[in-house]
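Q: Questions regarding the structure given below will be posed in turn.
The values are calculated or read from the model by the stated rules, or taken from the named source; none is laboratory data. Computed from a predicted model, the values in this text were never measured in an experiment. Using ideal geometry, Cβ is built from the backbone for each residue, glycine included, and neighbour counts are taken over all protein chains shown. In case anyone asks, the SASA skips ligands and DNA or RNA and just uses the protein heavy atoms, side chains included. Shrake-Rupley method; radii C 1.70, N 1.55, O 1.52, S 1.80 Å.
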Amino acid sequence: MNMRINPWSSEIPNYNKLVNEFGIRPFEEVLEHIKDPSMLMRRGIIFGHRDFKRIFDAIERRERYAVVTGMMPSGKMHLGHKMVVDEVVWFMNHGAEVYIPVADIEARSTRKIDREEIEKIAVEEYIANYIALGIDEKVAKIYFQSKNDTVKNFMFELANYVNLSEIKAIYGFGGETSIGTLLSPIVQAADILHPEIGEAIPVVVPVGADQDPHIRLARDIAQRIKFIPPSSTYHRFMTGITGEKMSSSVPKSAIFLTDDVDTARRKVMMCKTGGRETMKKQREMGGEPHKCAIFELFAYHLIEDDKKLYEIRERCEKGEIICGECKNMAADMIEKLLKTIEERRDITKAYAIVEK
Ligand code: TRP
Ligand code: SF4
C-alpha cells in the first residue's frame, strides 16, 4: 500500500513506517558522532534524519552550513512549536547560519487567513516568542516569505524543475486545488535551498515528520539544479493534554506559550498520565511513564538533567511516586518556564525585524 503523509492534516504518523518505508534513517545511528547532543537528540525525541552526516561533518570541521525551518503563522505557539525553536537554537550555537521563514504565503493559500491578521500573528505571537526562546535576532534571518525577493524569485526558478504529476503524486492534489496551494511547497523548497545560492553549503531542516513530503521534494529539486540536497531531522510530536497530538486547532490539547499561569497549571493537572486506576495498584505495580503526558513534559521541556529524568522514571515504575506529586512538580516547572518566556517576549524587537 502506498501511504501518503499529509503535511496539512493533524494525524500522528507511524514513526516506524516512516523509517522503514520512506527512507528516513534512525537518528540513533548518528548520535554517537555528535559531541554534545541536545536533550531532544539524546532522548530519541528526534528519531530520524536524512543525510545528517553532512551536518555533523560541517560542525566538526567548522565549515559553513545553514539551518532553515519555518512555521505557518496560523494560530498560537504551543510547546510542540517550542521544540522546533529549541532545535534551531542548538544549531545556532553550533555554528549554523540561521534562516527562519514566516510561512505567510503557505498560510494564506492553505488556511485562507486574512493578510493583516497573518502579519499580526506572525510578529506578536511567533517572532516575539522566537526571540524569547533564545533565537538571536541579530544573527538569525527571520523573514516573511512574501517579502523576501530572493526567495520569491528563486521559487519561480525552481518551479521550472517540477511538474504537475510529481506534485500530484506527492500531495494527492486534485483538480480543485488552487495554484496557490500547488506553489506553496515550491516556496518552501525555495526557503530551504536559497542559502545555497552562490555557494552550495549543507543545509539542515529540523521538522516534524509530517513535513517530510516537502523535504523529499526539496531534495529532488536540489539534485536537478546541482545543489546539495538538504539534510533533515524529524522529531516526535508531543502528546497533548487529552492524549492526542498537541495541536493549535484543538486548543484544549495544547499548552500555549502565552497561557497565563493559572490556565497552564490547570492544563497540567488535567494531563493524561501513565498512572493506575487506584493508588493501591500504583503502589504495587508502578506507573507507566512511557504513556504519560506529564513525563513527556519533563523529557521534552522541563528537565535538562538526564540523571534526574531517569530517577523520576525509576521511581514511577517502582510505584514510589504518585501522579499527584508529579503533576504538582510539573505545574511548578511550567509556571517558571512560561514566566521566563513572558519576560523575554519582546514585541517591539519583533516588529523591528519586520520593518527591516
Ligand atoms: N510548511 C511548514 C509548516 O507547515 C512551514 C515552512 C515554510 C517550513 N518554509 C519552511 C518548514 C522551510 C521548514 C522549512 O509549518
Ligand atoms: Fe506519570 Fe509521574 Fe504518574 Fe509516573 S507518577 S505515571 S511519571 S505522572
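Q: Within the stretch 86-96, which residues are buried (at least 22 other Cβ atoms within 10 Å of the Cβ) and aliphatic (A, V, I, L, M)?
A: VAL88, ALA96 - these are the residues of the stretch 86-96 that are buried (at least 22 other Cβ atoms within 10 Å of the Cβ) and aliphatic (A, V, I, L, M).
For every residue, the table says whether it meets (1) closer than 29 Å to ILE113 by Cα; (2) more than 16 Å from ligand 2 (Cβ to nearest atom); (3) of a type in the set (Val, Ile, Thr); (4) not assigned by TED's automatic domain parsing to the domain that holds ALA128.
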| site | (1), (2), (3), (4) |
| --- | --- |
| ALA222 | no, yes, no, no |
| LYS245 | yes, yes, no, yes |
| ALA264 | yes, yes, no, yes |
| GLY274 | no, no, no, yes |
| GLY287 | no, no, no, yes |
| LEU297 | no, no, no, yes |
| ASP306 | no, no, no, yes |
| GLU314 | no, no, no, yes |
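Q: In the stretch 76-89, is there at least one residue being away from ligand 1 (no atom under 16 Å from the Cβ) and farther than 14 Å from SER232 by Cα?
A: The first filter runs over the stretch 76-89 and keeps only residues away from ligand 1 (no atom under 16 Å from the Cβ), leaving none.
Taking every residue of the stretch 76-89 in turn, none turns out to be away from ligand 1 (no atom under 16 Å from the Cβ) and farther than 14 Å from SER232 by Cα.
Q: Pick from GLU304, GLU325, GLU320: which is away from ligand 1 (no atom under 16 Å from the Cβ), within 23 Å of VAL84 (Cβ to Cβ) and of a type in the set (D, E, K, R)? Walk me through it before giving the result.
A: Details: GLU325 fails: within 23 Å of VAL84 (Cβ to Cβ); GLU320 fails: within 23 Å of VAL84 (Cβ to Cβ).
Just one listed residue meets the conditions, GLU304.
Condition check ((1) farther than 23 Å from ILE24 by Cα; (2) in a helix (DSSP H, G or I); (3) open to solvent by less than 50 Å² (accessible area, probe 1.4 Å)) across all residues:
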site: VAL139; (1), (2), (3): yes, no, no
site: MET155; (1), (2), (3): yes, yes, yes
site: PHE173; (1), (2), (3): yes, no, yes
site: GLU176; (1), (2), (3): yes, no, no
site: THR181; (1), (2), (3): yes, yes, yes
site: LEU193; (1), (2), (3): no, yes, yes
site: VAL204; (1), (2), (3): no, no, yes
site: ALA222; (1), (2), (3): no, yes, yes
site: TYR234; (1), (2), (3): no, no, yes
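Q: Also, quick follow-up: Of the residues that make up the stretch 252-265, is at least one surrounded by 21 or more Cβ atoms within 10 Å (Cβ to Cβ) and free of Cβ contacts under 8 Å to residues at least 60 places away in the same chain?
A: yes
Q: Among the residues of the stretch 324-345, how many are open to solvent by less than 40 Å² (accessible area, probe 1.4 Å) and of a type outside the set (Gly, Ala, Ser)?
A: Qualifying residue count, the stretch 324-345: 6.
Q: Same structure, new question: Just give me the residues in the stretch 89-115 being of a type in the set (D, E, K, R), touching a residue at least 60 places away in the same chain (Cβ under 8 Å) and either under 10 Å from THR181 (Cα atoms) or part of a loop (DSSP other than H, G, I, E, B) (or both), in sequence order. Walk me through how you get there before you give the answer.
A: Step one: filter the stretch 89-115 for residues of a type in the set (D, E, K, R), giving 97, 104, 106, 108, 111-112, 114-115.
From the residues that got through so far, the ones that are touching a residue at least 60 places away in the same chain (Cβ under 8 Å) too are 97, 106, 108.
Matches in the stretch 89-115: GLU106, ARG108.
Q: Identify the residue in the stretch 206-216 that is modelled with pLDDT of 95 or more and assigned to a strand (DSSP E or B) and, among all such residues, is farthest from ligand 1 (Cβ to nearest atom).
A: Top of the filtered list is PRO206.
Q: Which of the helices (runs of 4 or more DSSP H) found entirely inside the stretch 297-356 contain at least 2 residues meeting this: modelled with pLDDT of 95 or more?
A: Values: elements: 306-317, 323-344, 347-355.
It comes to 306-317, 323-344.
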